[in-house]
Amino acid sequence: MSRTVRTCPAPWAGALLLTGVLTPPALLHPALAQAPSPQPAPVLRPQTVAPLSGSLDRVLLVNDNNPELIREPGILLSTFPKAGRAVPEAHLDVALNGRFDLFSHHVYAGKPESLNSTLWLVVLAAPRGSQPVSLKLLSGSTALSQAVDPGQAGAPFLPLPALMAQGSTPIYAGPGSRVATELLTRQRSAELPASWTLAPGAPTTLVVLPLPVRGLDPLLNGRNLQLRLESSGPVSLATLAAFGSGNAPPPASAWAALLEGGLSPREHAPTPRGAKGSLVYSRVSGVQVGSTWRTRLTDPGQAWLSVRRAPISWPISSLERGSLGSGQVQTAELQAFYPGTAWAAHGNYGVEYDLSIPLRNDTAKPVALELALESPLKGDAAAGGLRFHGSPGNRPVMFRGTVEVTGLDGEPAPSGAPGRPAGRRSFHLVQRAGEPGPALGRVSLAPGASRQLQVRLIYPADATPPQVLSLLPVVAPATGAPSSAAGALPTRGSRGR
């Protein structure tokens, strides 16, 4: 598969899905372009790669990510009716009723003639009937890559360790990482109202959010916004972008006028579905079907999963030509989308994975397993396992986000035996391409014992699919042996916790 290589001053979230990989936006920095150094051959870890049981729910998710880099004002996405509109093709005409979500991610690179411009983003909504509709925000979060004013939530791309336990001070790197982390705990950003009453007639402004570049070098900023919503009746929703006056947003009348106009230009037309050769996924601008993947991972015909199945991994956010040999594409289908944009929600950005693993030790010996979220090398064909790089390297970050786990081993007892299972714990990961682990923790089970594991994550905009959730045997290194042999993966017992 060919690979598009681009360089960029910052590791941007929600990066382009091009030629089978995600690459940064088209903001090139030639000084960073270097010839690639020779890489050792990947190492195969023999194991089972099983499809994730279950499926996405039917909750609609408005996925607003094309264009990612906004160059001109206009409608970004609209589910308003086409009838009576001056530009009917700018509207997808999808009614949203009851539970629905919004995922919105955009980047602004400033105006060449100005060093302090601000692009404003707005979310509008209106009832589809003649009666008022109440709209409730169940949870929601928004963050900039770089905050420039007090009160703005920012999340710069900090260089963080591969694994950090979340504590009283939240950890994140990048706006997608922050938003997904806050949504996991069902928070609501201070910039977002708790509810709205939508009167019939003119659209109601839900939020107006700045994308400023004042004082930034380079002139580049991004914003991620995710809302979990519930309405009392059918509504239409739209996201728009415009410039105001100085640092002031446009007046409400300007937004209404913009809704009668055309689309902000799209980016990167996709390869037609089913076409051969290199694949351009493109970015999504449409309404997808599915917001949450909730399931129990068990053995066929059983209510539990045997520890004998380890080593075993399940894909997370697997996609076309990236099923890791599982044969499973988890990508949400689109109920409606704009021509020239992605034909499916590649990457499942903003989707929650809520996975239950009822483990049982059905052997005659104690068993210790480790749980990990990993970023193996992308592929589609079954290879008898997963491929990883055999040595560390400064490779692209594939996952920045938080994983919540319940049921890992707690603190050991004074005797040295495993203590009571731990409650809910959260870990922030920075995972590079082709990296195994690191382990989130262990599960130690005596013969006949059972343990319920629960794993939750919201797939963040600062990630590149796919990943895997892995259960792996703990292997102690041989006495006197090095912790990792040349060309081989480190053993599970030798890796950092």
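The numbers here are math on the coordinates, done by the rules we state, and not lab data. Keep in mind it's a predicted model, so treat the numbers as computed, not measured. When we count neighbours, we look across all protein chains shown, and the Cβ atoms used for this are built from the backbone with ideal geometry, even at glycine.
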Using alpha carbon centroids, what distance separates region 227-297 and region 386-444, in Å? 34
How far is helix 175-184 tilted, in degrees, relative to the longest principal axis of the Cα atoms in the chain, given as a value from 0 to 90 rounded to the nearest 10? 70
Give me the one-decimal nm value for the distance between modelled label points at Leu44 and Asp354, 7 Å along each residue's Cα-to-Cβ direction. 3.9
Can you pull the one-decimal nm distance between simple spin-label points at Val289 and Ala269, each 7 Å off the Cα toward Cβ? 2.7
Relative compactness, region 72-196, computed as alpha-carbon Rg over 2.2 N^0.38 Å: 1.30
Which aspartates and glutamates have a Cα lying under 16 Å from the Cα of Lys136, excluding residues fewer than 8 positions away in the same chain? Asp101, Glu191, Glu230
Dividing the helical contributions, -39500 (n - 2.57) per DSSP H run of n ≥ 4, by the residues of the chain yields a 222 nm value, nearest 500 deg cm²/dmol, of -1000 deg cm²/dmol
Once fully extended, how much extra length lies between Arg432 and Asp93, figured as 0.36 nm per residue of separation less the alpha-carbon to alpha-carbon distance? 118.1 nm
With a ≥ b ≥ c taken as the square roots of the eigenvalues of the C-alpha gyration tensor of region 133-232, please select rounded if a/c is under 1.5 and otherwise prolate if a/b is larger than b/c or oblate if it is not? oblate
Report, in debye and to the nearest 20, how large the dipole of the chain comes out about its Cα centre when Lys and Arg carry +1 and Asp and Glu carry -1 on their Cβ. 1040
Added length on full extension, which subtracts the Cα-Cα distance from 0.36 nm per residue, Ala252 to Ala449: 64.7 nm
Multiplying the sequence separation of Ser278 and Ala422 by 0.36 nm and subtracting their Cα-Cα distance, what value in nm do you get? 47.3 nm
For region 366-482, just the Cα atoms, rotate onto the principal axes and tell me the three extents in Å, largest first. 43, 38, 27
Quick check on packing: order 44-55, 171-182, 279-290, 247-258 by the mean number of other C-beta atoms within 10 Å, highest mean leading. 171-182, 279-290, 44-55, 247-258
